[in-house]
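What follows is a short report on a single structure.
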Amino acid sequence: MDNYAVEMTGITKIFGEGFKANDNVNLRVKRGDIHALVGENGAGKSTLMNILYGMYRPDSGYIKINSAEKTFHSPSEAISGGIGMVHQHFMLVETLSVLENIILGDEPAGFAGIIDYNTCRKRIKELAFVFRIDIDLDAKVGSLPVGIQQKIEILKILYRNAEILILDEPTAVLTPRETEGLFKTLKELRSEGKTIILISHKMSEVLSISDRITVLRRGKVTGDLHTADTGKSELGRLIVGEEIADLSVKVKTPFEDTILEVKNVSIKNDRKFLAIEDISFLVQSGEILGIAGVEGNGQTELIEALSGIREIDSGTVLLNGKRLQQNDVIAHIPADRHKHGIVKEYPLYMNILLGRESESGFSTPYHLKQKELINYTDNLIKEFDIRPADHGQLMGGLSGGNQQKAVAARELTKDTDLIIASHPTRGLDIKAAKFVHEALLSERRKGKAVVLVSTDLSELLMLSDRIAVMYNGTITGMFKAVQTDENEIGMYMTGMMAKDSKK
Amino acid sequence: MQELPMDEILDIAFLLQTLRITIPYLLPSVGAVFSEKGGVINIALEGILLAGAFCTAVGTFYTGNVLLGIVCGVSAGVLIAYIHSIITITFKANQIVSGIALNIFALGITKFFCKILFNSSSNSARIEGLETLNLPFNPFLLLCIIILAISYITIYRTKFGLRLRAAGENPEAADSLGINVNRIRYAGVLISGALAGLGGAWLAFEQHSFTDGMSAGRGYIALAAMIIGKWNPLGAAAACLLFGFAESFTLQFQNSGIPTQFIQMLPYVLTIIVLAGFIGKANPPAADGIPFEKKD
């Protein structure tokens, strides 16, 4: 008897008009392994896992679990077959307690359906003890940080006796410390004999945690590797299908005018509490200032204030030496492009117009200059490599990467010295992310000042000249990017360290 | 100005009057909690009260039995709630539109059958009241207390309640755990229909007849009470008591020398003060009013 927990053989899944999301894919996962499934967005990783999890039916191919052929028609069947999945977007009910979330759908109940909380509490405590997950079972889920929420998701599937755990991009939302914690838990699970399938596109993580790696590109398997026998360059080539050139070298720019000056600024959040307390910093021409920090430590409020959608409580913000006004033009790549960056129901060229409708190039006081706008859009499509290259394409029909390119195209071509970019590459694949990075670096070379907020420390270290670390509404550290590393920043991000950041 | 007779406010008769007025608010209000906790807004409660009252009157009139009358009223409530469920849960139509349509429908159809059965479009013949049961206490009052206790336990302590709350907060999450969201929502709406139908029965017995439009906006006030009570059955009940007290107060002091208009204003002023001052932000279930669309 072989020791494979999961064998997927010849899996093909066709969507719509002949698009092959999975094309004759084979995946074998050894029992007790951490098996990574890597590839770019749209490579077919999630489709494959959704087939395993019973959400989709394959058009051909078969699945064996522990050497027995199985067909799951729904996630519930997969769950009772011992397979559990932690989705990228957590499936948690925020107003319910941790305990209630874990037992939901599988509640031990007695007379009149009254839940036997004692029994399940005991069982969950045992599980948490075995796998060393430390959680307050009575806390409301909505009040907990994402790292903990993820552990709740893991406990949820362990509670349902899962032997095989699928994790979809589990580190996308985590800080470095939380990621470390997650990996510890995953190792703990492995040592207890559980099998783990990890979907990821972060190469360094995959290399550090997994035992084996399967690479998908455009629906096909391009590699099946022992982690110990491979490295970044081979993996990168298998994922992208070509060598990725390094980013253009950063050189010191010759500019030194101060573009943005933030002086003793405090900002209140929606609940009228101080989200930002007395912070000060400068951004110079030709400089990228990275802002690191765990989400929810005031970055959102700071960005909203700088981009004019939130009032400043006290202090001053100067743009080119003058007080920042509501109608000052600023390039802003927002964190949530669906909410603040685009209108999905509008065609591409109308999205290019958003926020720029009163520029004289696009409108007279009486009407829009459609022709000029369309010409302009066509140029941007070329310059920013937006696909499909059709100015009339509805924005919602573009892939995430192309939507983000369109937002970048609109914002970066504005007539302004200040660019604010918030999580500009979140959810993008390697190629699209690199494109956005290059675009930011090119603006920096032109002498613009860039404020870059991100939770991805490697991105910050790669692009920024200086990095400010935010914790609890203050700047706890300010570093030159070349003189620091992820560990140091991580310490400041979690408030374990702070130094006087005046200036 | 005459001094307010405080001892009169606090006497037993006044208290009982307050409770009697509270009943037709409380039942639909607690019902609304079930519906909305599951994610379905049910403004059809107004129409359900009316239809419940009408069918109770008809049932009682023809059978001469108060209990059978109640069964008729509750059945009518469940039936209208069922129609609301089909429209909003199965066919995912807008919940407000469906609710308004059903309210207008209830208004029309009760009048129509009132004319046919009692030869008057404004009121039914006189019916027997709860006094025929010969009980030493008000059975509806007891029923309200029992319903309140059971509702609280059901929502916060049982499997069904947990699933209901999940269906109203994050139906995708509930669905991912194998819970049939739509079925749970049907149950929530049907319970609200049954309770509002019961509220209608009380209205009919109080007046010993059905009169056209006798629900008089109580279904809407019940919804307001549910919101003031923050979607919690006990909170909703407390808010209903407040409305009951205000209305009772109005009745008590209509002839006390204080201008009537001023007295009649009080319940509404009270509502505004309570809403603005004491309750604070009320968060409805996150998926309240949003049909659940299963992804595939």
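The values are calculated or read from the model by the stated rules, or taken from the named source; none is laboratory data. Quick caveat, the model's predicted, so the values are computed rather than measured. Methodologically, a virtual Cβ is constructed for each residue, glycine included, from the backbone with ideal geometry; neighbour enumeration extends over all protein chains shown.
Restricting to the stretch A:448-484, and then to whatever is charged (D, E, K, R) and in a loop (DSSP other than H, G, I, E, B), can you tell me which residue is farthest from the chain's Cα centre (by Cα)? First the steps, then the outcome.
From the stretch A:448-484, those charged (D, E, K, R) are A:448, A:456, A:459, A:465-466, A:480; that's our starting set.
Pick out the ones that are also in a loop (DSSP other than H, G, I, E, B) and you get A:448, A:456, A:465.
On the way: A:448: 26, A:456: 8, A:465: 23 Å.
Top of the filtered list is A:448.
I need the full set of residues from the stretch B:170-187 which are more than 9 Å from chain A (Cβ to nearest Cβ) and of a type in the set (S, T, N, Q), in order please.
Looking only at the stretch B:170-187, we keep the residues that are more than 9 Å from chain A (Cβ to nearest Cβ), and these are B:171, B:180-187.
Those that are more than 9 Å from chain A (Cβ to nearest Cβ) and of a type in the set (S, T, N, Q): B:180, B:182.
Looking at residue A:387, is it surrounded by fewer than 14 Cβ atoms within 10 Å (Cβ to Cβ) and under 26 Å from the mean Cα position of the chain (by Cα)?
Judged against the criteria, residue A:387 is a match.
Anything in the stretch A:399-435 that is more than 17 Å from residue A:332 (Cα to Cα), charged (D, E, K, R) and in a helix (DSSP H, G or I)? List them, or say none.
A:431, A:434
When the residues of the stretch A:72-103 are narrowed to those that are at the interface with chain B (Cβ under 7 Å from one of its Cβ atoms) and free of Cβ contacts under 8 Å to residues at least 40 places away in the same chain, which ends up nearest to residue A:61 (Cα to Cα)?
A:75
Taking the options B:225, B:196, B:167, name whichever one is within 14 Å of another protein chain (Cβ to nearest Cβ), within 23 Å of residue B:80 (Cα to Cα), buried (at least 21 other Cβ atoms within 10 Å of the Cβ) and small (Gly, Ala, Ser).
Only one candidate qualifies: B:167.
Test residue B:254 against the stated conditions and say whether it is in a loop (DSSP other than H, G, I, E, B) and of a type outside the set (D, E, K, R).
For residue B:254, the condition - in a loop (DSSP other than H, G, I, E, B) and of a type outside the set (D, E, K, R) - is met.
Given B:239, B:187, B:225, which one is over 30 Å from residue A:104 (Cα atoms) and aliphatic (A, V, I, L, M)?
Only one candidate qualifies: B:239.
For residue B:220, all conditions in the list (1) among the hydroxyl-bearing types (Ser, Thr, Tyr); (2) modelled with pLDDT of 85 or more; (3) surrounded by fewer than 15 Cβ atoms within 10 Å (Cβ to Cβ) hold save one; what is the number of the exception?
(3)
Return the residues of the stretch A:112-124 that are facing another protein chain (nearest Cβ under 10 Å) and either in a helix (DSSP H, G or I) or at pLDDT below 90 (or both); say none if nothing qualifies.
A:112, A:113, A:117
Taking the stretch A:185-211, which residues are crowded, with 18+ Cβ neighbours inside 10 Å and either assigned to a strand (DSSP E or B) or among the small types (Gly, Ala, Ser) (or both)?
A:195, A:196, A:197, A:198, A:199, A:200, A:210
Restricting to the stretch B:134-164, give me the number of residues that are in a loop (DSSP other than H, G, I, E, B) and surrounded by 15 or more Cβ atoms within 10 Å (Cβ to Cβ).
Looking only at the stretch B:134-164, we keep the residues that are in a loop (DSSP other than H, G, I, E, B), and these are B:134-138.
Filter once more, so that each one left must be surrounded by 15 or more Cβ atoms within 10 Å (Cβ to Cβ): B:138.
Going through the stretch B:134-164 one residue at a time, the tally reaches 1.
Mind checking whether some residue in the stretch B:270-285 is exposed (fewer than 11 other Cβ atoms within 10 Å of the Cβ), in a helix (DSSP H, G or I) and within 22 Å of the chain's Cα centre (by Cα)?
Looking through the stretch B:270-285, at least one residue is exposed (fewer than 11 other Cβ atoms within 10 Å of the Cβ), in a helix (DSSP H, G or I) and within 22 Å of the chain's Cα centre (by Cα).
Yes/no per residue for (1) in the same structural domain as residue A:305 (by TED's automatic domain parsing); (2) closer than 30 Å to residue A:255 by Cα; (3) modelled with pLDDT under 90:
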{"site": "A:400", "(1), (2), (3)": "no, no, yes"}
{"site": "A:410", "(1), (2), (3)": "no, yes, no"}
{"site": "A:444", "(1), (2), (3)": "yes, yes, no"}
{"site": "A:448", "(1), (2), (3)": "yes, yes, no"}
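Across the stretch A:125-150, which residue is nearest to residue A:85 (Cα to Cα) among those that are assigned to a helix (DSSP H, G or I) and over 28 Å from the mean Cα position of the chain (by Cα)?
A:127
This table checks each residue for (1) of a type outside the set (Lys, Arg); (2) in contact (Cβ under 8 Å) with a residue 40 or more places away in the chain; (3) within 20 Å of residue A:105 (Cβ to Cβ).
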{"site": "B:125", "(1), (2), (3)": "yes, yes, no"}
{"site": "B:132", "(1), (2), (3)": "yes, yes, no"}
{"site": "B:135", "(1), (2), (3)": "yes, no, no"}
{"site": "B:139", "(1), (2), (3)": "yes, no, no"}
{"site": "B:142", "(1), (2), (3)": "yes, no, no"}
{"site": "B:148", "(1), (2), (3)": "yes, yes, no"}
{"site": "B:173", "(1), (2), (3)": "yes, no, yes"}
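Does the stretch A:36-48 contain any residue that is in a loop (DSSP other than H, G, I, E, B), surrounded by fewer than 16 Cβ atoms within 10 Å (Cβ to Cβ), out of contact with any strand residue (DSSP E or B) (no Cβ under 6 Å at 6 or more places or on another chain) and away from chain B (no Cβ under 14 Å)?
No: the stretch A:36-48 contains no residue that is in a loop (DSSP other than H, G, I, E, B), surrounded by fewer than 16 Cβ atoms within 10 Å (Cβ to Cβ), out of contact with any strand residue (DSSP E or B) (no Cβ under 6 Å at 6 or more places or on another chain) and away from chain B (no Cβ under 14 Å).
What are the pairs with Cβ atoms under 8 angstrom where one residue, in the stretch A:339-352, is outside the structural domain of residue A:300 (by TED's automatic domain parsing) and the other, located anywhere, is in a helix (DSSP H, G or I) and among the small types (Gly, Ala, Ser)? Sequence gap at least six, or different chains.
A:342/A:406; A:344/A:396; A:345/A:396; A:348/A:406; A:351/A:406; A:352/A:406; A:352/A:409
For the stretch A:224-240, which positions are surrounded by 15 or more Cβ atoms within 10 Å (Cβ to Cβ) and modelled with pLDDT of 90 or more?
Residues satisfying the conditions are A:225, A:227.
For the condition out of contact with any Asp or Glu (no Cβ under 9 Å at 6 or more places or on another chain), buried (at least 21 other Cβ atoms within 10 Å of the Cβ) and either more than 14 Å from chain B (Cβ to nearest Cβ) or not in a loop (DSSP other than H, G, I, E, B) (or both), what is the one hit in A:25, A:29?
Result of the check over A:25, A:29: A:25.
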